[in-house]
Amino acid sequence: MRISLILAHPDEESFNHALAGSVCDALEAEGHEVTLHDLHGEGFDPRMTREEVRTHRSQDAPVEAHVAEIVSADGLVFVHPVWFDAPPAILKGWVERVLREGDAFERGVDGGFVGRLRAEAALLVTTQNAPRSEGVDAVDHFWSEFVLPAMGVREVERVALTPVVASDETQRRAWLDEVAAAARRRFPAVT
Ligand SMILES: Cc1cc2nc3c(=O)[nH]c(=O)nc-3n(C[C@H](O)[C@H](O)[C@H](O)COP(=O)(O)O)c2cc1C
């Protein structure tokens, strides 16, 4: 499978980067072809342009490249910290610019979304410090109840790690193993 992994964290020594590396290694060991996008490292510009709002086409070559990759990926992984109960702004901008009408979805006759992504499954790995709220939280709502189903991704699994600030080396190692196992489960080797 071709799997796109989108990472949103500005510090390449962060735990988020380590988590993305663990997921990437696990998926590659399963035989998948993984493309890891470190949005900050790539200098991804999250600002939607006037032209994009009007035409759903971008003059920004990296945006077009992301769109082309994402619409045909077999699986998606997102790794990000929870910032103010939401994905970091760079990732919100990536969603706005890349998961665009005409490519990632179409408008149905009733104005609703008709998903066009090829990927049927996505894995979310998030970190935070506060305890998780009971039931569906804002990040679940954003990804699992709105964005990904709207794009046609039916199976969304989230591994929500907390509290990262209080975690020691042993805990972090266990979390790295946990996300690797979740990745293998979500995207098993194709035989
Ligand atoms: C701008 C900002 C906003 C944050 N907002 C939240 C929040 O809403 N809830 C929460 O539990 N943690 C919040 N945090 C804590 C981060 O989620 C936490 O530091 C991060 O997940 C730890 O992962 P890292 O070590 O890879 O940075 C915030 C941190 C920053 C920098």
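Residues that are surrounded by fewer than 20 Cβ atoms within 10 Å (Cβ to Cβ) and away from the ligand (no atom under 16 Å from the Cβ) within the range 14-31 comprise 25, 28, 29, 30, 31, listed in sequence order. Counting the residues of the range 56-112 that are within 16 Å of the ligand (Cβ to nearest atom), within 17 Å of residue 42 (Cβ to Cβ) and part of a loop (DSSP other than H, G, I, E, B) gives 2. Once the range 1-13 is narrowed to residues that are in contact (Cβ under 8 Å) with a residue 12 or more places away in the chain and not in a strand (DSSP E or B), the residue that is nearest to the ligand (Cβ to nearest atom) is 9. Which residues, taken from the range 158-188, are touching a helix residue (DSSP H, G or I) at 6+ places or on another chain (Cβ under 9 Å) and either farther than 18 Å from residue 21 by Cα or at pLDDT below 95 (or both)? Within the range 158-188, just 167 meets the criteria.
Apart from one condition, residue 117 fits all of (1) in a loop (DSSP other than H, G, I, E, B); (2) exposed (fewer than 14 other Cβ atoms within 10 Å of the Cβ); the exception is (2).
Residues checked against (1) small (Gly, Ala, Ser); (2) open to solvent by 30 Å² or more (accessible area, probe 1.4 Å); (3) at pLDDT 95 or above:
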{"position": "61", "(1), (2), (3)": "yes, yes, yes"}
{"position": "65", "(1), (2), (3)": "yes, yes, yes"}
{"position": "72", "(1), (2), (3)": "yes, yes, yes"}
{"position": "78", "(1), (2), (3)": "no, no, yes"}
{"position": "91", "(1), (2), (3)": "no, no, yes"}
{"position": "127", "(1), (2), (3)": "no, no, yes"}
{"position": "144", "(1), (2), (3)": "yes, yes, yes"}
{"position": "150", "(1), (2), (3)": "yes, no, yes"}
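Scan the range 30-48 for residues that are in a helix (DSSP H, G or I) and free of Cβ contacts under 8 Å to residues at least 40 places away in the same chain and the total you get is 2. I'm trying to understand the selection: among the residues of the range 58-77, which are of a type in the set (S, T, N, Q) and closer than 12 Å to residue 97 by Cβ? Matches in the range 58-77: 58, 59. Considering (1) in a loop (DSSP other than H, G, I, E, B); (2) under 17 Å from the mean Cα position of the chain (by Cα), the lone condition that residue 146 does not fulfil carries the number (1).
Do the conditions hold for residue 176, that is, is it assigned to a helix (DSSP H, G or I) and open to solvent by 10 Å² or more (accessible area, probe 1.4 Å)? Spelling it out, residue 176 is indeed assigned to a helix (DSSP H, G or I) and open to solvent by 10 Å² or more (accessible area, probe 1.4 Å).
So, residue 44, is that one out of contact with any strand residue (DSSP E or B) (no Cβ under 6 Å at 6 or more places or on another chain) and within 11 Å of the ligand (Cβ to nearest atom) or not?
Judged against the criteria, residue 44 is not a match.
Residue count for the range 44-61 satisfying the condition of being touching a helix residue (DSSP H, G or I) at 6+ places or on another chain (Cβ under 8 Å) and not acidic (Asp, Glu): 7. Only one of the numbered conditions (1) over 22 Å from residue 29 (Cα atoms); (2) among the hydroxyl-bearing types (Ser, Thr, Tyr); (3) more than 17 Å from the chain's Cα centre (by Cα) is not met by residue 191, and that is (1).
The values are calculated or read from the model by the stated rules, or taken from the named source; none is laboratory data. As the structure is a computational prediction, the values presented were derived from the model and not from experiment. Please note: Cβ atoms are built from the backbone with ideal geometry, for glycine as well, and neighbour counts cover all protein chains shown. Please note that ligands, DNA and RNA were not included when accessible areas were found on the heavy atoms of the full protein model with its side chains. Shrake-Rupley method; radii C 1.70, N 1.55, O 1.52, S 1.80 Å.
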